[in-house]
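The structure appears below as structure tokens.
The values are calculated or read from the model by the stated rules, or taken from the named source; none is laboratory data. Here the structure is a predicted model, which means the values were calculated and not measured. Methodologically, a virtual Cβ is constructed for each residue, glycine included, from the backbone with ideal geometry; neighbour enumeration extends over all protein chains shown.
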Amino acid sequence: MKNQLNKAKIAITGGIGSGKSQAAKFIKALGFSVFSCDEIYKNVILSREYIEQVEKAFPESVVNKQIDRKILADIVFNDAQRRQTLNNIAHPLIMERLFRDMDDAPMELVFAEVPLLFEGNYQELFDFVIVIERDIAKRIESVKTRDGLSDEQILNRIQSQFDYSKIKETEYFKNGKIIEIDNNGGVEDLNEKVSLEINRLKSLM
């Protein structure tokens, strides 16, 4: 997972409904390599290694050797200890594949959308972290529209994630490695802010 010469690995993160996927989509449209932990997970969840580990820890979530993602989500979002158990199974597999893909990417700036970056304490593996921030009311409305979840379900998921209001307390922030981008002004505003930060990062290479 070590950096190659003249290559910067940059994570894109933020809470559920913050707009990190929109930021990643825009960066990809600019021509950069952008990888997604969620997309990698879709492959990991089909692997025999992962299914066997999940079946041992969460037998009720595996039906006919297939993981029922809804059942699994309901379990882990209501139990912090079991959520950590799942993370301990999934994260190493996801990150191994992610960094293999990032190492193979030819560009000097390589990006990855990493939803649970701080929860897994993976920020130190990246040269910079872009944090997309958004008011909680807008996050709830976005997720409700996208996923059809209730306010209570969304709040449970928000509360289970890293508290981004404490981002400035982290050593990584104090070392100037975190780039905060406010996403309360719409898609065009977000894209403009992201573009400015990308240009700044390019100037550092």
Condition first: surrounded by 18 or more Cβ atoms within 10 Å (Cβ to Cβ) and either modelled with pLDDT of 90 or more or farther than 23 Å from Lys7 by Cβ (or both). Now tell me which residues in the range 120-139 satisfy that. Tyr122, Gln123, Leu125, Phe126, Phe128, Val129, Ile130, Val131, Ile132, Glu133, Arg134, Arg139
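With farther than 27 Å from Leu30 by Cα, of a type outside the set (Phe, Trp, Tyr) and surrounded by 15 or more Cβ atoms within 10 Å (Cβ to Cβ) as the only criterion, which of Ser165, Ser142, Ser150, Ser160 stands out?
Values: Ser165 fails: surrounded by 15 or more Cβ atoms within 10 Å (Cβ to Cβ); Ser142 fails: farther than 27 Å from Leu30 by Cα; Ser150 fails: surrounded by 15 or more Cβ atoms within 10 Å (Cβ to Cβ).
After applying the criteria, what remains is Ser160.
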Go through the residues of the range 138-155 one by one and say whether even a single one is of a type in the set (S, T, N, Q), part of a helix (DSSP H, G or I) and within 19 Å of Lys9 (Cα to Cα). no
Within the range 134-160, can you find the residues that are more than 21 Å from Glu180 (Cα to Cα) and basic (Lys, Arg)? Lys144, Arg146, Arg157
Residue satisfying all of: in the range 89-136; over 12 Å from the mean Cα position of the chain (by Cα) and in a strand (DSSP E or B); farthest from Phe26 (Cα to Cα) among these: Phe128
For residues in the range 9-20 being at pLDDT 95 or above and either surrounded by fewer than 18 Cβ atoms within 10 Å (Cβ to Cβ) or among the aliphatic types (A, V, I, L, M) (or both), which is nearest to Arg200 (Cα to Cα)? Ile10
Only residues that are buried (at least 17 other Cβ atoms within 10 Å of the Cβ), β-branched (Val, Ile, Thr) and assigned to a helix (DSSP H, G or I): list them for the range 168-205, please. Val194, Ile198
Can you go through Leu86, Leu72, Leu117 and tell me which one is surrounded by 15 or more Cβ atoms within 10 Å (Cβ to Cβ) and closer than 25 Å to Phe32 by Cα? Leu117
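What number of residues in the range 37-70 are assigned to a helix (DSSP H, G or I) and either in contact (Cβ under 8 Å) with a residue 12 or more places away in the chain or of a type in the set (Asp, Glu) (or both)?
Quick first cut of the range 37-70, residues assigned to a helix (DSSP H, G or I) only: 37-44, 48-57, 59-61, 69-70.
This time we only want the ones that are either in contact (Cβ under 8 Å) with a residue 12 or more places away in the chain or of a type in the set (Asp, Glu) (or both), so: 37-41, 43-44, 49-55, 57, 60-61, 69.
Count: 18.
Filter the range 6-27 for residues that are under 22 Å from Glu96 (Cβ atoms) and assigned to a helix (DSSP H, G or I); which is farthest from the chain's Cα centre (by Cα)? Even if it seems obvious, please write down each step before you answer.
So in the range 6-27, the residues under 22 Å from Glu96 (Cβ atoms) come out as 7-13, 20, 24.
Applying the additional criterion that residues be assigned to a helix (DSSP H, G or I) yields 20, 24.
Numbers: Lys20: 8, Ala24: 10 Å.
Among those residues, the one meeting the criterion is Ala24.
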Looking at Gln81, is it assigned to a helix (DSSP H, G or I) and within 26 Å of Ser150 (Cβ to Cβ)? yes
